[in-house]
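Comments concern the structure below.
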Amino acid sequence: MKVYTKNSGFTLIEILITLFIVSIVFGILYGSFYSTYGVIKAFEDKVDSDRPLWGSIHILSDDLRGSFFSPTYKDSRFKGNKVGNGSSMPFLSFTAFTPYKGYDVSAAPLIEYYFEGDGDKNSIVRRVYNSKDSSDIDEEEILSGVSDLDIFYDDGSDLKDEWDAGVSKKLPAGVKLSIKYNDYTADLLIKVEGG
């Protein structure tokens, strides 16, 4: 008498078909993850390339928020004008109580911003006069590679090309900046606390 036993295993064809289907699924998942990684990498690269722009805007914003003007304090000022490429004149000059370390807060340092260079790659330079002694100056380039810079002063109802607190006897309500950096234009309005 013959006894038939049932084999309970997979055939070679079944295993090959299963491996084929699993490889297709893994191929799709790999393509999806790889394309997502590419998008994330491109975003991170863009953020890294714009980091100097946002860092310089942060410094300028802090300075402007600390600015003050008092007609009774003869050394206080807030003066701004249109930016000229390569100009040796500051486009923004003001006294401020700035939060950065090392400055004599009682002296209220004079802070000036310059737009230096000529052509498509200019720099924004920040100069701080720490005391009435003109030899105590800190100067740093806060942003290089700027191709264009526009600045306006908000009087509360309109944007002006120039501002002189000595004439108006007050600070502007805000300063509007438009900075073109790495083919990106940052437009922002910085509120001046005392304006």
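General observations
- The stretch between Phe33 and Lys170 holds 43.7 nm of extra length on full extension. This uses 0.36 nm per residue minus the Cα-Cα distance.
- Per-peptide packing, taken as the mean over residues of other Cβ atoms within 10 Å, places 54-67, 176-189, 156-169 in the sequence 54-67, 176-189, 156-169 from highest down.
None of the figures in this text is laboratory data; all of them are computed from the coordinates on show. All values derive from a computational prediction rather than experimental measurement. Neighbour counts run over all protein chains shown; Cβ positions are idealised from the backbone, glycine included.
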